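The block underneath contains the structure these notes are about, expressed in structure tokens.
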Amino acid sequence: MQERLLAEKLIGYDTSTAEGVRLCAGFIKGWFEARDIPTRQLTVRDLPIVVAEVGPPGPQPIIFHGHIDVVPARPGQFDPILDGDRLYGRGAYDMKGAAAAMMLALADLREQDDVRVVLALVPDEETTEEHDRGTGVLVEAGYTGRFAITGEPTDMLIGVAAKGVLALRIEVAGRAAHSSTPWKGDNAIVKAIAVFRAIEALPFSQQSSDLFDRPSINLGRIAGGDALNKVPDTCVIDVDIRHLPEQEPEEILEQIGTIPDTDVVSTFRWPPVDVDPASPFVRALGDAARPNHADEVTSIGRDGASDAVAFIRAGTPAVEFGPVGGGHHGPEEWVSVASLAAYRRTLCDFARRAPARREAGEVIL
């Protein structure tokens, strides 16, 4: 009940807007302060990052990490709806349900004095900004530790790998002509579709790995033409490529460069994540999750990009791990209420097991 009610409260804020992010962050800060849990607020691009901490002081905490921003949605999606075990609403699965469970887990851990636990919620995971990102601000402010769990949706599986991002703006050249004689021109819009199909057929797009069937390639935007009665001579397409951890962006760009009449005019890049699934940190999280989840807990690769890379770059091992749900970024996004409770228990069990393993001489956390 606590997990559902808190998740509903968070879903109710339209955090696809800056004002909604500020209101939601203010609620979270007040929620912690009402429970005598110290908080701190950082900022990134004038947006708030909320940090709360419990446990004894120490340089190597366990970090729970997530985001409160969401992609835009229809107005009704910010009114949460419960249908059986499913809680519907924008952000339910990605990742306000997980954020609610993390908040409650931190409150559960406030009386223990064995391990420092930090919860950090950023306002900009969904942004396409390549630099000056909230998680980077956290790391620069010293919020690193022994292990970080990012609460992205994974269905209670452990995301040890995430694809990298290579987003491209490509200009396709054609030749103008009167629309009554299109055969005298070279329609750039039609060519742009062919260019996208050519990208889908390049060698990099056919590759696979142990955790991924293939890269992800999406045509997100297309713009061309300036008059109805004219054959368009330029067209711009935005292509979102999520490449395998083993693939190099420069090699992908080199392959795209072989397609005629194309010019890559801008790019956005985000590195992939690749963590050893046999690492002691991953094993410890799996051990904590199994008693709380009916299905087998295994390591998986996630198609989406991951903010966990910021922690990994700073030397903090990090994985993605979140509750059960579906439909994120879609019209029927939902999260399992039962899994929110299981997720909360798992986070608490993981944090509490860490000191015991260390005292037993097993260097895990």
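With the condition kept exactly as written, say whether any residue in the range 192-213 is in a helix (DSSP H, G or I), among the β-branched types (Val, Ile, Thr) and over 27 Å from the mean Cα position of the chain (by Cα). Yes, the range 192-213 has at least one match.
Selection of the range 259-291 for residues being under 20 Å from the mean Cα position of the chain (by Cα) and β-branched (Val, Ile, Thr) yields Thr267, Val273, Val275, Val282.
In the range 22-55, the qualifying residues are those that are in contact with a Phe, Trp or Tyr (Cβ under 8 Å, 6 or more places away or on another chain) and in a helix (DSSP H, G or I), and the one that is farthest from Phe78 (Cα to Cα) is Phe27.
Can you tell which of Ile158, Ile193, Ile237, Ile222 is in contact (Cβ under 8 Å) with a residue 40 or more places away in the chain and farther than 30 Å from Gly322 by Cβ?
On the way: Ile158 fails: farther than 30 Å from Gly322 by Cβ; Ile193 fails: in contact (Cβ under 8 Å) with a residue 40 or more places away in the chain; Ile222 fails: in contact (Cβ under 8 Å) with a residue 40 or more places away in the chain.
One residue alone meets the criteria, Ile237.
Within the range 272-280, identify whether any single residue is modelled with pLDDT of 90 or more and of a type in the set (Asp, Glu), and answer yes or no. No: zero hits. Only one of the numbered conditions (1) touching a strand residue (DSSP E or B) at 6+ places or on another chain (Cβ under 9 Å); (2) within 30 Å of Ala341 (Cα to Cα); (3) part of a loop (DSSP other than H, G, I, E, B); (4) polar (S, T, N, Q) is not met by Thr135, and that is (3).
In the range 194-222, what residues are aliphatic (A, V, I, L, M) and either touching a strand residue (DSSP E or B) at 6+ places or on another chain (Cβ under 7 Å) or closer than 14 Å to Arg302 by Cβ (or both)?
Hits for the range 194-222 are Val195, Ile199, Leu211, Ile217, Leu219, Ile222.
Of the residues Ala34, Ala25, Ala92, Ala52, the single one that is in the same structural domain as Phe311 (by TED's automatic domain parsing), farther than 26 Å from Glu140 by Cβ and buried (at least 17 other Cβ atoms within 10 Å of the Cβ) is Ala92. Against the definition (surrounded by 14 or more Cβ atoms within 10 Å (Cβ to Cβ), at pLDDT 90 or above and over 23 Å from Asp155 (Cβ atoms)), how does Asp261 come out, yes or no? Answer is yes for this residue.
Taking the listed residues Leu168, Leu119, the one that is in contact with a strand residue (DSSP E or B) (Cβ under 8 Å, 6 or more places away or on another chain), in a strand (DSSP E or B), within 30 Å of Leu47 (Cα to Cα) and assigned by TED's automatic domain parsing to the domain that holds Asp261 is Leu168, with no other qualifying.
Residue-by-condition table, conditions (1) touching a helix residue (DSSP H, G or I) at 6+ places or on another chain (Cβ under 9 Å); (2) assigned by TED's automatic domain parsing to the domain that holds Ala100; (3) among the hydrophobic types (A, V, I, L, M, F, W, C):
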| site | (1), (2), (3) |
| --- | --- |
| Pro123 | yes, yes, no |
| Phe196 | no, no, yes |
| Gln207 | no, no, no |
| Arg214 | yes, no, no |
| Ile217 | yes, no, yes |
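Of Ala314, Ala284, Ala318, Ala289, all but one fail to be in contact with a His (Cβ under 9 Å, 6 or more places away or on another chain) and buried (at least 17 other Cβ atoms within 10 Å of the Cβ); the exception is Ala318. Scanning the range 207-219 for residues that are under 17 Å from Gly304 (Cβ atoms) and touching a residue at least 40 places away in the same chain (Cβ under 8 Å) returns Ser209, Leu211, Phe212, Pro215, Ser216.
Kindly check whether there is at least one residue in the range 171-180 that is within 30 Å of Asp261 (Cα to Cα) and either among the charged types (D, E, K, R) or within 13 Å of the chain's Cα centre (by Cα) (or both). The answer is yes; a qualifying residue exists. Residues that are at pLDDT below 90, under 20 Å from Met102 (Cβ atoms) and over 17 Å from the mean Cα position of the chain (by Cα) within the range 292-323 comprise Asn292, His293, Val297, listed in sequence order.
For (1) more than 25 Å from Glu125 (Cβ to Cβ); (2) outside the structural domain of Gln60 (by TED's automatic domain parsing); (3) touching a residue at least 60 places away in the same chain (Cβ under 8 Å), each residue gets a yes or a no:
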residue: Thr262; (1), (2), (3): yes, yes, yes
residue: Ala294; (1), (2), (3): yes, no, no
residue: Asp307; (1), (2), (3): no, no, yes
residue: Glu333; (1), (2), (3): no, no, yes
residue: Ala342; (1), (2), (3): no, no, yes
residue: Thr346; (1), (2), (3): no, no, yes
residue: Arg353; (1), (2), (3): yes, no, yes
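Going through (1) farther than 30 Å from Asn292 by Cα; (2) β-branched (Val, Ile, Thr); (3) free of Cβ contacts under 8 Å to residues at least 60 places away in the same chain one by one, Val172 falls short only on (3).
The values are calculated or read from the model by the stated rules, or taken from the named source; none is laboratory data. Since the model is a prediction, treat every value here as computed from it, not as a measurement. For neighbour counting, all protein chains shown are included, and Cβ atoms are generated from backbone atoms with ideal geometry for every residue, glycine included.
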